[in-house]
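Undergrad: There's a structure below that I have some questions on.
The values are calculated or read from the model by the stated rules, or taken from the named source; none is laboratory data. No experiment lies behind these values; they were computed from the predicted model shown. For neighbour counting, all protein chains shown are included, and Cβ atoms are generated from backbone atoms with ideal geometry for every residue, glycine included. Heads up: the accessible areas ignore ligands, DNA and RNA and are worked out on the full protein's heavy atoms, side chains in. Shrake-Rupley method; radii C 1.70, N 1.55, O 1.52, S 1.80 Å.
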Amino acid sequence: MRVGIATDHGGFGLKEELVLRLRAAGHEIEDFGAHALNPADDYPDFVVPLAEAVVSGQVTRGVAICGSGVGASVCANKVDGVRAALVHDHFSAKQGVEDDHLNILCMGGRTVGPAVAWDLVETFLAAEFSQDDRHLRRLAKVARMEQS
């Protein structure tokens, strides 16, 4: 799978570790940065290009990290077609894709350790959207909100 990943300084170390693990697992990675630790950088500079790449199909799914994951989630969801969520548990990583067609997983580099983060990413990438009528109906309502 082609996976995009982005972070600011708050998740830099976690991103670097996840990139290594994702490559080792056979995924093709598009790294949107940060490419160096810079305490003055801003998550929108990295998360917005990731979100746009997910929507355009340049990458299949995305992982966005900042210190808490909150800013990355808020930012990613400003891009039409993105369904990003701050996820810190296994159930939500799976169910978010199956029911809500989650396409960007957001995490906090200061709130989630590397073992949990890897479990969340593996779960997120392995999950598939169910295509159930009730979920399609709900997503259509969300899509209409984006158009207004």
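Undergrad: Search the stretch 60-69 for residues being free of Cβ contacts under 8 Å to residues at least 60 places away in the same chain and farther than 19 Å from residue 38 by Cα, and hand back the single one that is nearest to the chain's Cα centre (by Cα).
TA: That would be 62.
Undergrad: Return the total of residues in the stretch 1-24 being in a loop (DSSP other than H, G, I, E, B) and open to solvent by less than 60 Å² (accessible area, probe 1.4 Å).
TA: Adding up the residues that qualify gives 1.
Undergrad: Give just the number: which of (1) surrounded by 15 or more Cβ atoms within 10 Å (Cβ to Cβ); (2) over 13 Å from the mean Cα position of the chain (by Cα); (3) farther than 30 Å from residue 133 by Cβ does residue 99 not satisfy?
TA: (3)
Undergrad: Restricting to the stretch 113-129, give me the number of residues that are out of contact with any helix residue (DSSP H, G or I) (no Cβ under 7 Å at 6 or more places or on another chain) and not acidic (Asp, Glu).
TA: Summing the residues that are out of contact with any helix residue (DSSP H, G or I) (no Cβ under 7 Å at 6 or more places or on another chain) and not acidic (Asp, Glu) in the stretch 113-129 gives 5.
Undergrad: A further question follows. Of a type in the set (A, V, I, L, M, F, W, C), at pLDDT 95 or above and under 22 Å from residue 10 (Cα atoms) - does that describe any residue in the stretch 124-131?
TA: Within the stretch 124-131 (the criterion being of a type in the set (A, V, I, L, M, F, W, C), at pLDDT 95 or above and under 22 Å from residue 10 (Cα atoms)), the answer is yes, since at least one residue qualifies.
Undergrad: Still on this structure: Quick one: how many residues across the stretch 60-96 are open to solvent by less than 40 Å² (accessible area, probe 1.4 Å) and at pLDDT below 95? It would help to see each step written out before you state the result.
TA: Taking the stretch 60-96 as the starting set, the residues that turn out to be open to solvent by less than 40 Å² (accessible area, probe 1.4 Å) are 61-67, 69, 71-73, 75-76, 79, 81-82, 84-85, 87, 92-93, 96.
Checking the rest, the ones that are also at pLDDT below 95 come to 81.
Residues meeting the conditions: 1.
Undergrad: Among residues belonging to the stretch 112-147 that are surrounded by fewer than 17 Cβ atoms within 10 Å (Cβ to Cβ) and of a type in the set (S, T, N, Q), point out the one that is farthest from residue 90 (Cα to Cα).
TA: Among those that are surrounded by fewer than 17 Cβ atoms within 10 Å (Cβ to Cβ) and of a type in the set (S, T, N, Q), it is 147.
Undergrad: Next question. Specify which of the listed residues (33, 13, 81, 26) is in contact (Cβ under 8 Å) with a residue 60 or more places away in the chain, over 25 Å from residue 100 (Cα atoms) and of a type outside the set (A, V, I, L, M, F, W, C).
TA: The match here is 13.
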